[in-house]
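Here is the structure we will look at.
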Amino acid sequence: MELIKNINQIKLVKYLLIAIIGTLVLAISSKIKIPFYPVPMTMQTFVVLFIGIAFGWKLGLATIFLYLFEGIIGLPVFSGTPEKGLGIIYFTGPTMGYLIGFLFSCFFAGYFNYSKNLFLNFVKLSFATSFVYVSGILWLGILIGWDKPVFKLGAEPFLLAELFKILLITLIVSKINKIKELI
């Protein structure tokens with residue numbers, strides 16, 4: 001009985017370390033701006049999908065929850081922090097819907113099974129990513145008003161970069177899937 005308890009504690013520590021590493025990579029990906037048209041791109045959504053695929057949906061969701069918690073308590077993990085504010089004030093700003101969308105995106109990326117069919121994998125990853133933009137636009141519309149061009153402001157400038165990231169992860173999804181076996 002003691003052995004089982006020790007094994008479970010070791011697994012918990014292992015999963016916690018994996019989640020912390022995931023939040024660090026996600027935080028770093030939010031800070032690096034890559035020149036792209038029409039707006040600079042971060043690799044956050046790529047990393048969210050990566051975490052979902054590599055960690056599986058359960059550990060992936062735990063990782064994204066931890067990341068959001070870190071940001072809410074004031075750690076500068078989000079894209080616009082610390083220069084645009086910190087903590088719950090920043091979290092409840094215009095980007096909250098997108099950040100919440102990370103949870104759904106990660107869940108579906110981790111829940112889906114991937115095959116050698118690139119087109120099917122692309123569709124699954126596009127579906128998973130769409131939750132970032134759907135929840136982001138919904139929150140943006142609530143925040144600034146539906147009389148504003150919320151799609152033009154909250155999604156359109158990012159779609160080309162998002163397509164690039166989805167294509168990239170589609171091409172390497174089979175390699176990422178192998179990480180899950182190690183965890």
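The values are calculated or read from the model by the stated rules, or taken from the named source; none is laboratory data. None of the values given here were measured: they were computed from a predicted structure. Backbone-built Cβ (ideal geometry, glycine too); neighbour counts: all protein chains shown.
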Worksheet item: List the pairs whose first member sits in the range 88-102 and is without any contact (Cβ under 8 Å) to a residue 40 or more places away in the chain, whose second member is among the β-branched types (Val, Ile, Thr), and whose Cβ atoms are under 6 Å apart, counting only residues at least 6 apart or on separate chains?
Response: 88/72; 90/81; 91/72; 101/132
Discussion item. Given the options 46, 78, name the one that is touching a Lys or Arg at 6+ places or on another chain (Cβ under 6 Å) and in contact (Cβ under 8 Å) with a residue 12 or more places away in the chain.
Written reply: 46
Worksheet item: Listed residues 141, 136; which is surrounded by 14 or more Cβ atoms within 10 Å (Cβ to Cβ) and touching a Pro at 6+ places or on another chain (Cβ under 9 Å)?
Response: 136
Response to the item:
Cβ pairs under 8 Å, 6+ apart or interchain, first in the range 144-157 and hydrophobic (A, V, I, L, M, F, W, C), second surrounded by 13 or more Cβ atoms within 10 Å (Cβ to Cβ) and part of a loop (DSSP other than H, G, I, E, B), ordered by first then second residue, are 144/94
Item to complete: Filter the range 23-74 down to the residues that are of a type in the set (D, E, K, R) and in a helix (DSSP H, G or I), then identify the one that is surrounded by the fewest Cβ atoms within 10 Å (Cβ to Cβ).
Response: 58
Worksheet item: Do you know which of the residues in the range 144-163 that are under 17 Å from the mean Cα position of the chain (by Cα) and either surrounded by fewer than 17 Cβ atoms within 10 Å (Cβ to Cβ) or aliphatic (A, V, I, L, M) (or both) is farthest from residue 174 (Cα to Cα)?
Response: 155
Worksheet item: Quick one: in the range 74-107, which of the residues that are closer than 18 Å to residue 31 by Cβ and of a type in the set (A, V, I, L, M, F, W, C) is modelled with the lowest pLDDT?
Response: 86
Worksheet item: Taking the range 116-166 as the region of interest, how many residues are of a type in the set (D, E, K, R) and not in a helix (DSSP H, G or I)?
Response: 3
Worksheet item: Filtering the range 103-126 down to residues that are within 16 Å of the chain's Cα centre (by Cα) and either of a type in the set (Gly, Ala, Ser) or loosely packed, with under 14 Cβ neighbours inside 10 Å (or both), which residue is farthest from residue 52 (Cα to Cα)?
Response: 126
